[in-house]
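Participant: Before I ask anything, here is the structure I am working with.
The values are calculated or read from the model by the stated rules, or taken from the named source; none is laboratory data. It should be emphasised that the depicted structure is a prediction, and the values quoted were computed from it without experimental measurement. Methodologically, a virtual Cβ is constructed for each residue, glycine included, from the backbone with ideal geometry; neighbour enumeration extends over all protein chains shown. Accessible surface is based on the protein model in full, side chains and every heavy atom, while ligands, DNA and RNA are left aside. Shrake-Rupley method; radii C 1.70, N 1.55, O 1.52, S 1.80 Å.
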Amino acid sequence: MNGPSVRDILKKSEAFLAERGVDCPRLSAELLLAEALGLDRLHLFLDMARPLTADEVSRARDLVARRGRGEPVALILGRKEFFGLEFRVTRDVLVPRPETELLLEEAQRDIPKDTAFLAADLGTGSGCLAVALAVLFPQARVAAVDVSPAALAVARDNTQRHGVAERVLPVRADAGRCPLADGSCRLVLANPPYVSAPEFAGLSCEVREFEPRLALWGGGDGLDQVRAQAPEVARLLAPGGLGFMEIGCSQGPAALEIFQALAAFSRATVLRDLAGRQRAVAVLRG
Ligand code: GLN
């Protein structure tokens with residue numbers, strides 16, 4: 001007798017995940033079933049009637065059960081796409097978010113592609129910003145700074161995966177105390193932890209229980225690391241250099257004030273995403 005089809009398993013998995021209340025039950029089921037079968041999503045769609053072997057069913061069941069406990073799909077698969085590149089992710093790093101791509105789009109708009117320069121990525125995590133930056137700017141070198149050795153191991157792996165290991169150097173240091181000379185950088189990017197205490201309590205369990213607190217928790221008002229890293233952005237940038245730091249969508253005015261108080265910047269503005277939400281602070285070193 002034939003085993004259950006792709007269509008059968010998808011339907012069952014979706015219903016199970018919906019009942020467990022996880023985000024995106026249908027998409028999760030598709031991605032996990034594709035993984036269990038070693039297919040991409042397109043081929044899953046093209047082969048809905050394909051019967052599954054007992055082994056395949058049990059593999060799919062294991063993955064879907066993990067998702068049912070709230071584990072994010074990216075962590076189950078061990079990979080996440082960011083800026084069109086695939087990154088390895090583990091529980092030691094923040095899963096790259098699409099909104100963080102804004103920092104790269106800004107850098108891309110302001111700096112010509114073939115410029116040779118040194119950049120720093122403060123709190124690199126998976127290395128997604130540092131690696132994407134090195135891919136975008138073939139003459140750039142990037143210091144990928146993180147305090148977590150486990151995160152740096154993931155970042156290093158991602159530099160190799162994308163062929164930029166020679167230009168992206170993982171550096172173990174506190175993001176507010178980076179061992180690079182004053183004025184050495186043309187560009188500084190940072191995605192600090194900026195979740196405030198009240199927001200942390202409201203995070204979905206998928207984020208709060210599976211992603212590193214170190215990469216999320218920004219203290220009472222969420223701005224501890226913004227305060228710690230803003231002077232470092234000022235110190236690292238050469239005159240005319242640019243800094244882009246991601247912030248939470250209600251932190252624009254407070255974050256701006258932190259940067260403006262430093263007097264090192266001739267311009268500091270809040271950038272918004274396409275939906276109009278405050279997303280980053282952009283600074284120009286005077
Ligand atoms: N945007 C992330 C979230 O809402 C937070 C990332 C961060 O603190 N840098 O889960």
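Participant: How far, in degrees from 0 to 90, does helix 6-20 lean away from the longest principal axis of the Cα atoms of the chain, to the nearest 10?
Facilitator: 60
Participant: To the nearest 10 degrees, how steeply does helix 149-161 sit against the main Cα axis of the chain, on a 0 to 90 scale?
Facilitator: 80
Participant: Which trypsin sites (Lys or Arg not before Pro) in the stretch 102-172 sit in a loop by DSSP (not H, G, I, E or B) and have at most 12 other Cβ atoms within 10 Å of their own Cβ?
Facilitator: Filter output for the stretch 102-172: K113.
Participant: Here's something else I'd like to know. Give me the 1.4 Å probe accessible area per residue for the stretch 5-61, excluding ligands and nucleic acids, in Å².
Facilitator: Per residue, the stretch 5-61 has 58 Å² of solvent-accessible surface.
Participant: Per the 1.4 Å probe, what fraction of the accessible area of the stretch 162-268, in percent, lies on carbon and sulfur atoms?
Facilitator: 56
Participant: Let me ask something else about it. State to the nearest 20 debye the size of the charge dipole of the chain about its Cα centre, where the only charges are +1 on K and R beta carbons and -1 on D and E beta carbons.
Facilitator: With Lys and Arg at +1 and Asp and Glu at -1, about 140 debye.
Participant: Computed on alpha carbon atoms, what radius of gyration and Dmax characterise the stretch 54-137, expressed in Å?
Facilitator: Rg and Dmax of the stretch 54-137, Cα atoms, are 16.7, 55 Å.
Participant: Quick one: pull the percentage of alpha-carbon pairs in the stretch 171-251 with a separation above 22 Å.
Facilitator: 31
Participant: Between the helical axis of 25-37 and the dominant principal axis of the chain, each derived from Cα atoms, what acute angle in degrees is found, rounded to the nearest 10?
Facilitator: Its long axis makes an angle of about 70 degrees.
Participant: Heavy atoms only, probe 1.4 Å: what % of the accessible area of the stretch 1-123 goes to carbon and sulfur, would you let me know? Spell out each step's value before the answer.
Facilitator: Numbers: 3230 of 6470 Å².
Looking at the stretch 1-123 in its full context, I get 50 percent from C and S.
Participant: Which whole-number value in Å³ per residue fits the convex hull of the alpha carbons of the chain?
Facilitator: Details: hull volume 37.3 nm³, N = 286.
Each residue corresponds to 131 Å³ of Cα convex hull volume.
Participant: Given a cut-off of 18 Å, what percent of all Cα-Cα pairs of the stretch 147-286 lie beyond it?
Facilitator: 60
Participant: To continue, here is another question. Accessible surface of L85 in the full protein assembly, 1.4 angstrom probe, to the nearest 10 Å²?
Facilitator: Surface open to solvent at L85 totals about 30 Å².
Participant: Given the peptides 29-37, 59-67, arrange them by the average over their residues of other C-beta atoms within 10 Å, most packed first.
Facilitator: 29-37, 59-67
Participant: In whole angstrom, and with the biggest value first, how far do the Cα coordinates of the stretch 176-216 range along each principal axis?
Facilitator: 40, 18, 16
Participant: Using only the alpha carbons, work out the radius of gyration and Dmax of the stretch 34-184 in angstrom.
Facilitator: 18.5, 62
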